[in-house]
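Engineer: Sharing a structure here in structure tokens format.
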């Protein structure tokens, strides 16, 4: 049924009440204690803020990186919140998070903020954040090539079912020369030559870690230079190991396209950049492999329109998210509106990409508002055309856009 409340208010209310299934983050199950980041110092030393702060402070790179995390947070707080107005999206996110937690940032120095966070037990803080963000499940990023993470998996710790696994394989297909000896040490008989026997062992490796992680999908972050089909190890491994594995296990292959690594190495993790990808590679992947499903997000704004057009042509392609350099209100609205106008609701507008637990609060508060604004405008055009939008329809669309559609695409 329809409500007498204004359409925009109905959309806002329903979106706020709909739990989100966050399909991709860099968060970890709370049992993986040293890997789960949270608290004010982690918020401030997030790599978005690190790169921004170096534009406003004269601290030498080596001085910054040799400092403790507390000192680094002090540098960033002073540069971005004390000496300049925190108008960037990443800075606003810190303020939104603190405000939602009941903290007035202007009335607290960092010492008192640290004391406030230190009073929490990690398990209790996880519950508080998931409740405030109204997040029902969290998609992790799990790499077999991360030794610290491997130790936790091998310990068979009790799992929190809300934290869902995803198999990240960048080192496998982008750095085969270094990955192959590691696979051999782990008991996978990959050879020096790329042949069927090696492909079979890579598939066994992928299957083992899919089961270990309970992985919903297999994923890789790709440079803008990816070509397909192509000679070389990357395309061969995709064709002979990754795509057959995904078909066998009913997994989408998630591609995060357009990252230029270490544009400025002095910034470390914050030093990666963006490049326009040649989406001919994606077109060829979708066309040549109709039995595979591809979940794709592009980092460059210049790729967004072509990605949506490709999704209209290939039903095995599911666009998702606005991440990193496109995770700004202006671009989220632009990209989400374009997707709605060309794809209806058959996409996932956002994933948080959070690296710090607390960020779930601001990333979903901001994203829900923007998605709601885009949806409300589209519904208004429907009502102008004589289609009265019901609350049930809004709820159906909200569930679809906040993770339900992606779950169906994954076959969950």
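Engineer: Give me the pairs, please: first residue somewhere in the stretch 73-95 and on the phi > 0 side of the Ramachandran plot and free of Cβ contacts under 8 Å to residues at least 60 places away in the same chain, second residue anywhere and part of a helix (DSSP H, G or I) and buried (at least 22 other Cβ atoms within 10 Å of the Cβ), beta-carbon distance under 8 Å, and either six or more positions apart or on two chains.
Structural biologist: Every condition considered, no pair remains.
Engineer: Do you know which residues across the stretch 262-304 are closer than 30 Å to residue 62 by Cβ, touching a helix residue (DSSP H, G or I) at 6+ places or on another chain (Cβ under 8 Å) and surrounded by fewer than 23 Cβ atoms within 10 Å (Cβ to Cβ)?
Structural biologist: Residues satisfying the conditions are 262, 263, 264, 265, 266, 267, 268, 269, 270, 271, 274.
Engineer: If you take the residues in the stretch 54-82 that are out of contact with any helix residue (DSSP H, G or I) (no Cβ under 6 Å at 6 or more places or on another chain) and part of a loop (DSSP other than H, G, I, E, B), which one is farthest from residue 268 (Cα to Cα)?
Structural biologist: The extreme case among them is 58.
Engineer: For the condition farther than 21 Å from residue 247 by Cβ and either in contact (Cβ under 8 Å) with a residue 12 or more places away in the chain or surrounded by fewer than 18 Cβ atoms within 10 Å (Cβ to Cβ) (or both), what is the one hit in 211, 184?
Structural biologist: Among 211, 184, only 184 is farther than 21 Å from residue 247 by Cβ and either in contact (Cβ under 8 Å) with a residue 12 or more places away in the chain or surrounded by fewer than 18 Cβ atoms within 10 Å (Cβ to Cβ) (or both).
Engineer: Within the stretch 161-171, is even one residue free of Cβ contacts under 8 Å to residues at least 40 places away in the same chain and in contact with a helix residue (DSSP H, G or I) (Cβ under 9 Å, 6 or more places away or on another chain)?
Structural biologist: Among the residues of the stretch 161-171, at least one is free of Cβ contacts under 8 Å to residues at least 40 places away in the same chain and in contact with a helix residue (DSSP H, G or I) (Cβ under 9 Å, 6 or more places away or on another chain), which makes the answer yes.
Engineer: Looking at the stretch 23-43, which of its residues are part of a helix (DSSP H, G or I) and within 19 Å of the chain's Cα centre (by Cα)?
Structural biologist: Answer for the stretch 23-43, where residues must be part of a helix (DSSP H, G or I) and within 19 Å of the chain's Cα centre (by Cα): 35, 42, 43.
Engineer: I'm told residue 7 meets every condition in (1) loosely packed, with under 15 Cβ neighbours inside 10 Å; (2) on the phi < 0 side of the Ramachandran plot except one. Can you identify the failing condition by its number?
Structural biologist: Status for residue 7: all satisfied but (1).
Engineer: Another question, if that's okay. Quick check on residue 85: is it loosely packed, with under 15 Cβ neighbours inside 10 Å, modelled with pLDDT of 95 or more and outside any helix (DSSP H, G or I)?
Structural biologist: In short, yes.
The values are calculated or read from the model by the stated rules, or taken from the named source; none is laboratory data. Values in this document were obtained by computation on a predicted structure and should not be read as measured data. With ideal geometry, Cβ positions are generated from the backbone for all residues, glycine too; neighbour counts draw on all protein chains shown.
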